[in-house]
Every structure is written in structure tokens, then in C-alpha cells.
Amino acid sequence: MSLIKVKRAWEHIETWLQRNVPNFADILNIGATEEQLQSAERILGVVFPHDVQCSYTIHNGENCTGRSAKNGSGILGASEFYNLRQIIEVWQMWNDLLREHSSNDVVIEGYDGVKAVYWNTAWIPIMNTSSGNYICIDLDPAPNGKKGQIISFWTDIAEREVVFDSFTEMLEDYAEKLQNDEIVFSEEYGCLVHIDELSEEEWEKLNKE
């Protein structure tokens, strides 16, 4: 059932982009092959949840080359939705930093369901934010967490928090926000933003349309 939901959510997102920002729709990459998925899983030492596997065979992240992300988002409400290669690169970077600096000695405020460590090798970074932080799939949750939950990983704040129970839930939430005009394309920033992030001028222009 979750696989059907993933496909349906992507269809809603693609339809919205084609209808509202057609020159922005090509930001989404084509899907990864089964071989690419399996190779990434071997390197990361994990097996992706089924909904994540399904999503990456539809779109292997996005291509933000030439796109502005000054104050807003790319696809899925992040500055960049990572492809598999980027996931591996960022994951390896944090593993290296952890070995070099022993960041897990830092006292972390563990939120319900998330282990109170600075970095966990079973956290799979799938997006970055405009402020240089990350959204990860948590494949090693705390006892009261859920494997595959989506968590925030702030590099300069000692907090780790569940933001969605699953990748499917995150994707559906984003598709719903697009359909409800809670996320719009900003001409000023050249990207998708939450409506609250629009400048006063753009907000007034939107209300007149």
C-alpha cells in the first residue's frame, strides 16, 4: 500500500510542477536502476525501506545546478533532495568527521524515538536545508522510535527530532501542501518556498491573482 502512496504522491507533485512551474519540473532526476540502489545499500551497509526504494526508482534525487535556494526550498521542502551518489558522499563525510573529532562525546538532547548521539551511521542523509543542516532516514531508532522514521539533524544544535514517521508520510505531506497552495514558486528566490516565506511584495501579488 505504501508503494502505491509513494507513486501517487510523486504523480501529484509532477502534475503540480508541470501546471504551475513547467520550467522547474526538469529539476527531478530520472529514477535509479536496481543495480544503483543495491550498490548504494552495500556501501551504506543498510537496506532502504521499501517506500524509499520505490521513490528512488521514480526519481533519483534532483539536479539543483543553476537553481537559487537563497531563502527557500527545492523539491520536498529542502535546498536539495540528494541523489544516491550524494547520499553516500555526505554519509561518508559525517562518518569521517565522527572518527576525527569524536563528536559523539557531545551531549545531545534526545527527542522521543531518536537515539541521543551526535551522529549515527544508520542515519541516511537524503536532503540538506538552506541553513546547512540535514534531513535523514533513521534506520537505528531508539526503542520507542520507528525504523525508517525521518529525523532532523542540525549540525550546530544539540537536538535530534522526528519530523515524519516515514518517507511516505513526508512525501504525501509535501504533495498536499502543494495542492493546498501552502508551498508556492517564488519568482524572487527562484525556487519553491512555504507561503509564509514570501516577501510582502510577492504576497500581495499572489493575493491579486
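Among residues of segment 153-171 that are free of Cβ contacts under 8 Å to residues at least 40 places away in the same chain and more than 20 Å from Ile75 (Cβ to Cβ), those with a Cβ under 7 angstrom from a residue that is of a type in the set (S, T, N, Q) and part of a loop (DSSP other than H, G, I, E, B), sequence gap 6+ or separate chain, pair up as Trp154/Asn133; Thr155/Asn133. Counting the residues of segment 40-60 that are surrounded by 14 or more Cβ atoms within 10 Å (Cβ to Cβ), touching a residue at least 24 places away in the same chain (Cβ under 8 Å) and not hydrophobic (A, V, I, L, M, F, W, C) gives 8.
Within segment 115-131, which residues are under 20 Å from Glu100 (Cα atoms) and in a loop (DSSP other than H, G, I, E, B)? Steps first, please.
Step one: list which residues in segment 115-131 are under 20 Å from Glu100 (Cα atoms), which gives 116-125.
Ala116, Val117, Tyr118, Trp119, Asn120, Thr121, Ala122 - these are the residues of segment 115-131 that are under 20 Å from Glu100 (Cα atoms) and in a loop (DSSP other than H, G, I, E, B).
All conditions in (1) touching a residue at least 60 places away in the same chain (Cβ under 8 Å); (2) surrounded by 14 or more Cβ atoms within 10 Å (Cβ to Cβ); (3) in a loop (DSSP other than H, G, I, E, B) hold for Gly145, with the sole exception of (1).
Taking segment 152-191 as the range and being farther than 30 Å from Asp112 by Cβ, at pLDDT 80 or above and of a type in the set (A, V, I, L, M, F, W, C) as the test, the residues that pass are Val184, Phe185. The set of residues in segment 17-66 that are among the small types (Gly, Ala, Ser), at pLDDT 90 or above and not in a loop (DSSP other than H, G, I, E, B) comprises Ser39, Ala40, Ser55. Taking segment 119-142 as the range and being touching a residue at least 24 places away in the same chain (Cβ under 8 Å) and over 21 Å from Leu192 (Cα atoms) as the test, the residues that pass are Trp119, Thr121, Ala122, Trp123, Ile124, Ile137, Asp138, Leu139, Asp140, Pro141, Ala142.
The values are calculated or read from the model by the stated rules, or taken from the named source; none is laboratory data. Note that the coordinates shown come from a computational prediction; the quantities given were computed from them, not determined experimentally. Here Cβ is always computed from backbone atoms with ideal geometry, including for glycine, and neighbour counts include all displayed protein chains.
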